[in-house]
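Okay, structure first, notes after.
Each reported figure results from applying straightforward, stated rules to the coordinates on display, with no laboratory input. What you are looking at is a predicted structure, and each value in this text was computed from that prediction instead of being measured. In this analysis, Cβ positions are derived from the backbone assuming ideal geometry, glycine residues included, and neighbour counts consider all displayed protein chains.
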Amino acid sequence: MQPPVLSPVSPTSLVTGLAAAAGLLARDDESVIAALCERYDASDALLTDSGTSALVLALRAVVPAGGIVAYPGYACIDLTAAAVQAGVKVRLYDLDPETLSPDIESVRDVISRGVDAIVVAHLYGYPADVDAVRDLGELHGIPIIEDSAQGAGGTLRATRLGALAGISTLSFGRGKGTTAGAGGAVLVRTAPLASWVRETRGNLGTASRGGRQIIGLAAQWMLAHPLLYRFPTSMPGLRLGEMVYHPAHDPRPISVAAASILTTALTMDEREVACRRGHATNLLSRMNGSGRLQPVRCVAGGESGYLRLACIDPSGHVLPQASLGAVRGYPLTLEQHEQLRPNLLPGETAGKGSVLLRDRLFTMPTHSRVGRADLARLSDWLATPRSTPISPVLFS
């Protein structure tokens, strides 16, 4: 059973993380921050315990207390958790379902309704057009927060996703492309925000050791193999593959273990991105012309990191194949998140593009544990009429 998404983990990094959690290695945040700043062309980085915590802090940095932020109408439920924790009000703009990028006319409209900041989120490794939204924001004096939790090695006009706005956020959770088992970061590129980072860093409290995170990461490394993945998915309590709301908490520093793993994780990133792109190219070549699914394309000047291969079901009749890792996208638009309703301003709706993505988006796995047999099975599924069943097999 093929996992829909997977971040690479090495046995060496697990040992390093265990040693750090046990207090056998000294914490070295400075080298991690330096690596992130170089990679993402940032002036400073604030390491946090999760990507959600990073977004909470970014909202607090640029949105006044009780202020209004514009969110995409279709996105990860963690955006809802961050808005609730940050105490901000929310307006919604629509997405272009052909690219997963903001609908620029909808962004203009949400600006006219009044916002203090705009969050632009990359989905599944596909670049959202941060440049276009930033240009609009600059005309109206509105800051942009780039949520690159799912940036996964994608680029926009030769710039890495996560390096496109004055403030951006990353996630290093499991399944986010680059993983340390947990953690996140706020990246900044202006002098006032760099000053805010230095002040905030000293107020985040004490980091956990991260022992439980290492156990979870080790379990992922072992059980996410296609021959074993059926066992964790058979446990309903784990709720794998479901959209689950996890309330955000007051942000804390990244754990000692996660910080120690992150340096190694960053060195594995380029190879994994190249693998995902190769698998995506293979599947796209077989998808084109089949008519079963329509691939999502990148915005002009963009290249996806293919955290997952995204496509649209034109008929609405294609059935998920969990054994292949071919699954639907998020089942709700943000206006349908019951946890967001107290923060959602009256009259705000997700928009037609976001609703289409809710109803028709499919994603397929591209990660490094997808083998030739898996690609062949996915190709057969792409070409198989709905009435023809797919027989289960064990993947190699």
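Looking at region 179-281, which GluC sites (Glu not before Pro) are DSSP coil and have at most 14 other C-beta atoms within 10 Å of their C-beta? Show your work: numbers first, answer last.
Numbers: sites: Glu199, Glu242, Glu270, Glu272; in loops: Glu242.
Those that pass, being in a loop and sparsely packed, are Glu242.
Picking from Asn343, Tyr124, Thr155, whose Cα lies most toward the positive end of the charge dipole for the chain (charges on Cβ: Lys, Arg +1; Asp, Glu -1)?
Tyr124
Work out the length of the dipole vector of region 1-120 about its Cα centre, built from +1 on the beta-carbon of each Lys and Arg and -1 on the beta-carbon of each Asp and Glu, and round it to the nearest 20 debye.
380
Give, as a single signed number, the net charge of other residues whose beta carbon lies under 12 Å from the beta carbon of Arg276, with Lys and Arg counted +1 and Asp and Glu -1.
Net local charge, Arg276 excluded: 0.
Using the Cα centre as the reference, give the magnitude of the dipole from point charges on the C-beta atoms of the chain (Lys, Arg: +1; Asp, Glu: -1; all else neutral), rounded to the nearest 20 debye.
1060
Running Debye on the chain with equal point scatterers at the Cα sites and no solvent, what base-10 log of I(q)/I(0) appears at q = 0.06, 0.08, 0.09, 0.12 Å⁻¹?
-0.22, -0.39, -0.50, -0.92
Go through 73-84, 337-348 and give me the packing order, highest mean Cβ count within 10 Å leading.
With the highest mean Cβ count within 10 Å placed first, the list reads 73-84, 337-348.
Which trypsin sites (Lys or Arg not before Pro) in region 98-191 pass both tests, a DSSP loop state and at most 16 other beta-carbon atoms within 10 Å?
Counting only loop positions with at most 16 other Cβ atoms within 10 Å, the trypsin sites (Lys or Arg not before Pro) in region 98-191 are Arg157.
To the nearest 500 deg cm²/dmol, what mean residue ellipticity at 222 nm is calculated for the chain from DSSP H runs of n ≥ 4 alone, each contributing -39,500 (n - 2.57), summed and divided by the residues?
Using -39500 (n - 2.57) per qualifying helix, the result is -11500 deg cm²/dmol.
³J(HN,Hα) across region 120-129 via Karplus (A = 6.51, B = -1.76, C = 1.60, θ = phi - 60°), whole Hz, x for Gly/Pro?
Values per residue, Gly and Pro as x: 10, 10, 7, 10, 6, x, 8, x, 7, 7 Hz.
Along each of the three principal axes of the Cα atoms of region 1-84, give the extent in whole Å, ordering the values from largest to smallest.
44, 41, 26
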